[in-house]
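The values are calculated or read from the model by the stated rules, or taken from the named source; none is laboratory data. These figures come from a predicted structure and were not determined experimentally. Ideal geometry is used to build each Cβ from the backbone, glycine not excepted, and the neighbour counts take in all protein chains shown. Quick note on the areas: whole protein, heavy atoms, side chains included, nothing else; ligands and nucleic acids left out. Shrake-Rupley method; radii C 1.70, N 1.55, O 1.52, S 1.80 Å.
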Amino acid sequence: MLKRKGDPALDVYLDNAATTPALPEVASAVADALVRRFGNPSSLHRWGIAADAAVGEARRAIADALGAGPDEVVFTSGGTESNNLAVGGLAAARRRAGRRAVTTAIEHSSLLGALDALDGWEIVRLPVDGAGLVAPQAVAEAAAGAALVAIGHVNNEVGTVQPLAAIGAAIRRLDPRPAFHVDAVQSFGKVPLRPREWGVDTCALSAHKIHGPKGVGALWVRRGIRLLPQLHGGDQQGGLRPGTENVPGIAGFGAAVRLLAADPEAPGRMAALRERLWAAISPVAVRNGPPPEAAAPHILNVHVPGLPAEVLLHALEERGVACSAGSACLSRRPEPSHVLLALGMPEAAVKSSIRLSLSRLTTAEEIDAAGAAIVEAVGALRRLVRR
Ligand SMILES: Cc1ncc(COP(=O)(O)O)c(C=O)c1O
């Protein structure tokens, strides 16, 4: 992988919550769509029909993975657009239902940003506990009389899995009217996802977190749910998301989803490797966020008391281990993580926190090498500080 002269011997990528490498089958599907099935899916000739078929195959793969119908899948440019389409589109369709939306304090910037962009709306950001969990009853009480609830399934920084089935049931018990949007970008392929059964109305997905291409995602929209388009133009995708479909990206997304289905053991494998990594680094680190049983299998967030995250990240980079201090989307902002602060962590611990994230390609050898490198780096930095 990407070696340059003078690079360290190790090469361990543990930033898979930021993005994952595309699998070879995905790259082939993308290339095939670019070169062979290159038509415009709206065209009526056979090139158009072939491209439309590629889009249809991907739509079916995604619908199958969600236990949904293909007509309920809208392709977008990624998780960010899916969250914006859902929040903006549902809000525009429900303006008369009361301009209040409910979310949690630990959401991804693309969800919080879409909510904050709603002009004249009250946005209720519910607190979470030390594990990152929001109480279903609290969501339901805040949602009663509101137009919209928008919650992430798996938190991208600490891996907390929200109890969506309980949240959906609690909301509906108090008030059947609010629309319920879920950001499933970090959960798809990692934990069971059954939006239809859980009373969810719209659900955002992104291809590049599951070894698909970047710049392509989907929004599942429950049949019968009305939302207004956020882009204006042609009639593609029922007018809900106009613009010529990104056929290569969509074909790659479909291939990635089919490969997910072919590896059902992956979440268990990732969870075991994450615990192996934790066992290796626990003498020098403190675990942040949820206990392992309440966390998605691919994320481990820790802090090393007294060591600023950027110093540790730099030392790890020098040793050939890539990870991050949190959300890649906010990595250029100096403020401490809003997620870790909302979990009640002291600011000093937040500033010493790093996120290690695995994929289903991560191996035990890589985990052992990364674990040893982290322990060694912390020891070396501590000796430097003491001098
Ligand atoms: C929870 C969550 N939602 C949304 C997104 C945005 O997805 P995309 O990068 O496809 O725009 C991300 C990506 O980091 C994410 O982790």
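Where in the range 56-163 are there strands (runs of 3 or more DSSP E), lying wholly inside it, with at least 2 residues that are modelled with pLDDT of 95 or more and over 16 Å from PRO195 (Cα atoms)?
On the way: elements: 73-76, 100-104, 122-126, 148-152.
Where strands (runs of 3 or more DSSP E) fall fully within the range 56-163 and carry at least 2 residues being modelled with pLDDT of 95 or more and over 16 Å from PRO195 (Cα atoms), they are 73-76, 100-104, 122-126.
Hey, can you tell me all the residues within the range 296-323 that are among the small types (Gly, Ala, Ser) and either assigned to a helix (DSSP H, G or I) or at negative phi (or both)?
Let us first name the residues in the range 296-323 that are among the small types (Gly, Ala, Ser), namely 296, 306, 309, 315, 320, 322.
ALA296, ALA309, ALA315, ALA322 - these are the residues of the range 296-323 that are among the small types (Gly, Ala, Ser) and either assigned to a helix (DSSP H, G or I) or at negative phi (or both).
Only one of PHE188, PHE180 is more than 16 Å from the ligand (Cβ to nearest atom), within 18 Å of the chain's Cα centre (by Cα), crowded, with 16+ Cβ neighbours inside 10 Å and of a type in the set (A, V, I, L, M, F, W, C); which?
Exactly one residue qualifies, and that residue is PHE180.
Can you tell me which residue within the range 155-175, out of those that are aliphatic (A, V, I, L, M) and open to solvent by less than 10 Å² (accessible area, probe 1.4 Å), is farthest from the ligand (Cβ to nearest atom)?
Looking at residues that are aliphatic (A, V, I, L, M) and open to solvent by less than 10 Å² (accessible area, probe 1.4 Å), I get ALA170.
Conditions tested, residue by residue: (1) of a type outside the set (A, V, I, L, M, F, W, C); (2) surrounded by fewer than 24 Cβ atoms within 10 Å (Cβ to Cβ); (3) at pLDDT below 95; (4) touching a Phe, Trp or Tyr at 6+ places or on another chain (Cβ under 9 Å).
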residue	(1), (2), (3), (4)
VAL339	no, no, no, no
GLY344	yes, yes, no, no
SER357	yes, no, no, no
ARG360	yes, yes, no, no
GLU366	yes, yes, no, yes
ALA370	no, no, no, no
ILE374	no, no, no, no
ALA377	no, yes, no, no
ARG382	yes, yes, yes, no
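Give the residues of the range 208-242 that are within 16 Å of the ligand (Cβ to nearest atom), closer than 19 Å to ALA53 by Cα and among the small types (Gly, Ala, Ser), sorted by residue number.
GLY212, GLY217, ALA218
Looking only at the range 9-33, filter to residues that are surrounded by 14 or more Cβ atoms within 10 Å (Cβ to Cβ) and modelled with pLDDT under 95; which one of those is nearest to ASN246 (Cα to Cα)?
Top of the filtered list is ASP11.
Out of all the residues in the range 40-63, is one or more of a type in the set (Gly, Ala, Ser), within 16 Å of the ligand (Cβ to nearest atom) and touching a Leu at 6+ places or on another chain (Cβ under 9 Å)?
no
For the range 247-296, give me the residue count where each residue is in contact with a Gly (Cβ under 8 Å, 6 or more places away or on another chain), over 30 Å from VAL134 (Cβ atoms) and open to solvent by 30 Å² or more (accessible area, probe 1.4 Å).
Number of matching residues: 2.
Among the listed residues LEU277, LEU273, which satisfies the condition of being more than 24 Å from ALA65 (Cα to Cα) and touching a strand residue (DSSP E or B) at 6+ places or on another chain (Cβ under 7 Å)?
LEU277
Assigned to a helix (DSSP H, G or I), modelled with pLDDT under 95 and of a type outside the set (S, T, N, Q): which single residue out of GLU293, GLU275 fits that description?
GLU293
Taking CYS323 as meeting all but one of (1) at pLDDT below 95; (2) open to solvent by 10 Å² or more (accessible area, probe 1.4 Å), write down the number of the exception.
It is condition (1) that CYS323 fails.
For the range 227-272, how many residues meet the condition of being part of a helix (DSSP H, G or I), on the phi < 0 side of the Ramachandran plot and touching a residue at least 40 places away in the same chain (Cβ under 8 Å)?
20
Considering ARG95, ARG36, which residue is under 30 Å from ARG125 (Cα atoms), in contact (Cβ under 8 Å) with a residue 12 or more places away in the chain, more than 16 Å from the ligand (Cβ to nearest atom) and open to solvent by 60 Å² or more (accessible area, probe 1.4 Å)?
Values: ARG36 fails: under 30 Å from ARG125 (Cα atoms).
None of the others qualify; the one that does is ARG95.
Hey, among the residues in the range 98-129 that are of a type in the set (Asp, Glu) and open to solvent by 20 Å² or more (accessible area, probe 1.4 Å), which one's farthest from LEU240 (Cα to Cα)?
ASP129
Quick one: ASP52 ticks every box in (1) among the acidic types (Asp, Glu); (2) open to solvent by 10 Å² or more (accessible area, probe 1.4 Å); (3) touching a residue at least 40 places away in the same chain (Cβ under 8 Å) bar one, so which box is it?
(3)
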